[in-house]
Every structure is written in C-alpha cells, then in structure tokens.
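Written out below as structure tokens is the structure these notes cover.
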Amino acid sequence: MSLLQLIWAELKAILADKTIVITVFGGVLFYSILYPLPYLHQVPTEQQLVVIDHDRSSLSRQLIRHADASPKISVIAELGSIDEAKRWIETGRAHGLLVIPANFRRDLLLGKGVTLSYGGDASYFLIYSAVAEGLISAGLDAGQNIQRLGMLAQGDNAKAVEQSLNVVKLNSIPAFNPSLGYTPYIVPGLFLLILHQTLLIGTGILGASQWRAQGYWQQVSPLKLVCGRIAAFMLVYSLLSSYYVGYCYYWYDVSLQASIGRVALLMLPFLLATSAAGIAFSSLFTRRDLPTQVLLLISMPILFVSGFVWPTALIPEPVVAISQIVPAVPGIMAMLELNQMGASWQSIMPQWLQLWAMVAVFFALAYWGVSKRLKPVS
C-alpha cells in the first residue's frame, strides 16, 4: 500500500466512524456557534437594578437618577426592604440592588464617609461587574457634586473648582480589545483549544478502535502508518482551522494583526504536534471510549494554564512547567501575541521552536507506541 493509498484509507476510516465525525466536524461547528452565542452583544448594558432608599433626600434621589442615566444600569423600582429585593433578584426580575443608608446626605455634607451597599447575583460575572461599574461611576459623580457645593460655599471661584475636581482626566484606549467585549477576548484562544482537543480525541478514538482488530493498518509499517495518519488529519484540520481562524474570526469581528502566511506558519507545527501527540496518546488505549473521557477531564486545566483566562502567575510553577508539554499552551499564547496583539515573529519564535520540538518528540513517541500495537492478532 502506497502512502497516498494509506492517506485515502485513513480519510475513509475517519469519515466512516460516526463518533469521530460527530466529535471532529460536529464539535468544531457546534462550538463555533455555542461559545460566542451568549456574548454576541459584547458589553452588558441596561441591567435591571432595584433601589432601597433609606435616606429619601434630594441627594439620594440625585444618586438614583445618575445611576439610571448610566448606560450599564436601568433603575426599574424602589423597594421597601432587602428581603423584597432579594426575591426580585431570585426570580430574575432584577440583576442587583442598591441600598442607600439613612443620613446619606447629612453625612456627606459633614464630610463623613458613607457606604453604599450593592448586592447581586455574582454567578453572572459580566452582569455583576457591569452593574458594579455603573454604580461606582454614579457614586463618584455624587461625591464630586458634594465637593463642588462645599467649595463654592467657601467662596471659591467656579472655574477653579471645576479644575480642581478634574485634575486628572482618564483617556482609556483599549489596545488589543477595542470593543471591550468578551468575544474578541476569549474566542481566539478558545477556538484554538477546541481544535486541539477535538484533534486529540479524533486520533485517540481512531487508534484505540484499531489496535485489537485487523485492517489496512496491519499491512503497513509503523512509520508509514504514523505519517499517513498525521497527513490525513492535517488535511481535515487545515480546513477546520481555516474555518476558525478565517471565517469565524471575521464573523465575530475578532481583531486580526498577522498576515495569513504567518498564521499558517504558526498553525503548521501546532497541528503536526497535536496530531502526533494524539497518535501517541491513542497507543495507550484499546477501548475507544477512554480517550474522550480522559481528554474531557483535562480540558479545563489546559484552559487555565494556557494563560488567557487566568494569570499564570497565580498558578503553581510546577503546574505551569508541566503544562509546557501540551501543544495547546505555547500554540495559544503564540497565536494571541501574533494575531491579536500584533507581536513580531521574533517575539513568538521561542513558542514556535517549542512546537517544532514537540513535533519531533511526539512523533518519536507515536512511532514507538504504534510499533508496540501493530502486532499480528492471534
């Protein structure tokens, strides 16, 4: 059997296996819609807030108006008790509550500190943070108004008062996420992780289902089988990678800084290393259900050690060191730096060389594992 015939046989085996087709093609297509879907509106706005005003002064009413004017908050009701507000949040009628304490206006005019209490459902982090940000902005505005009144009462010039209250003006320009949304931030790294995991699972299922059976894989050398299997999955994942890095990035308005050539040059060792790792991994199993179970268990740890959803500085150093043997870790960080942050090729050269080293190591492990498995069935 020639290498081309082997590649064709591998492609037919992949497409004939319903589990692999659902995992590889179905998983990639399904997750390209599922993960970004809740965040298509990017930044949460007009989140429902209820208020408990124990002060009922002109200043507390002004604070409520400022909160309602914030683009992130919509004040929908003033309630009489915290228990009632909790019921609104538990039933989904509101996303948060603001409690204005008694003597709010008096204490501010006397220069005393005042604590505004906020409560909400923190399980929806983006909503929770949006409401908190809107309330902080409204509270700062109220504090500045009190300072302005106090300084004017002391006879200060109105222009001088405005200048003293606005000594520092913040001009925030996001460099790598212009929309400040969740999708451009999380999707690029997550899509690469999906490609990594589905490729490992696909190669794992295919290998684990063949080692104890007879077929074309018994008619070729271990070296040819490894090369043919890598080539077959590379053909499949070159298309899927183009769909993710090309069409999906464009569709979800993800910022692109690198050229197509550089992205392809980075994806090449990433896919080769992942394919070889999957073949080596498949040689550990003879039950086709086990690769999926094992890889699903380690998906979340890989997500966190990749560094784009959680700072690696907060992860134990031994865990970070061990994670460097996973192709997704250097692949994701290099892709984010190159394609989203506009880094030069020299900046990602260490990760690129690390991926090529993984190609060599995992190819050798795949050859060794397949050699052990390709024995005549008695």
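Out of (1) open to solvent by 40 Å² or more (accessible area, probe 1.4 Å); (2) not assigned by TED's automatic domain parsing to the domain that holds Tyr247, the odd one out for Ile64 is which?
The failed condition is (1).
Under 7 Å between Cβ atoms, which residue pairs at least 6 apart in sequence (or on different chains) link something in the range 241-270 that is on the phi > 0 side of the Ramachandran plot with a partner that is open to solvent by less than 60 Å² (accessible area, probe 1.4 Å)?
So the pair list comes out as Asp253/Pro184.
Output the number of residues of the range 337-370 satisfying the condition of being assigned to a helix (DSSP H, G or I), aliphatic (A, V, I, L, M) and either surrounded by fewer than 20 Cβ atoms within 10 Å (Cβ to Cβ) or over 23 Å from the mean Cα position of the chain (by Cα) (or both).
The qualifying residues number 11.
Quick test of your reading of the structure: Pro184 fulfils all but one of (1) open to solvent by 40 Å² or more (accessible area, probe 1.4 Å); (2) at pLDDT below 80; (3) of a type outside the set (Phe, Trp, Tyr). Name the failing condition by number.
(1)
Might you check whether a residue that is of a type outside the set (A, V, I, L, M, F, W, C) and under 20 Å from the mean Cα position of the chain (by Cα) occurs anywhere in the range 261-271?
no
Residues that are open to solvent by 20 Å² or more (accessible area, probe 1.4 Å) and under 26 Å from Leu223 (Cβ atoms): find the helices (runs of 4 or more DSSP H) completely inside the range 271-336 holding 1 or more of those.
Of the helices (runs of 4 or more DSSP H) lying wholly inside the range 271-336, those with at least 1 residues that are open to solvent by 20 Å² or more (accessible area, probe 1.4 Å) and under 26 Å from Leu223 (Cβ atoms) span 290-305.
Consider Trp8 carefully, then state whether it is under 36 Å from the mean Cα position of the chain (by Cα), among the aromatic types (Phe, Trp, Tyr), assigned to a helix (DSSP H, G or I) and over 30 Å from Ser209 (Cα atoms).
No: the conditions fail for Trp8.
Which of the residues that make up the range 239-260 are open to solvent by 50 Å² or more (accessible area, probe 1.4 Å) and not aliphatic (A, V, I, L, M)?
Ser242, Tyr243, Tyr247, Tyr250, Trp251, Asp253, Gln257, Ser259
Among (1) closer than 15 Å to Leu135 by Cβ; (2) part of a helix (DSSP H, G or I), where does Val75 come up short?
So Val75 meets the others, but not (2).
The values are calculated or read from the model by the stated rules, or taken from the named source; none is laboratory data. Computed from a prediction, not measured in an experiment: that's the story for all the values here. Because the Cβ atoms are built from the backbone with ideal geometry, glycine has one as well, and the counts that use them run over all protein chains shown. Remember, those area values only see protein heavy atoms, side chains included, never the ligands or the DNA or RNA. Shrake-Rupley method; radii C 1.70, N 1.55, O 1.52, S 1.80 Å.
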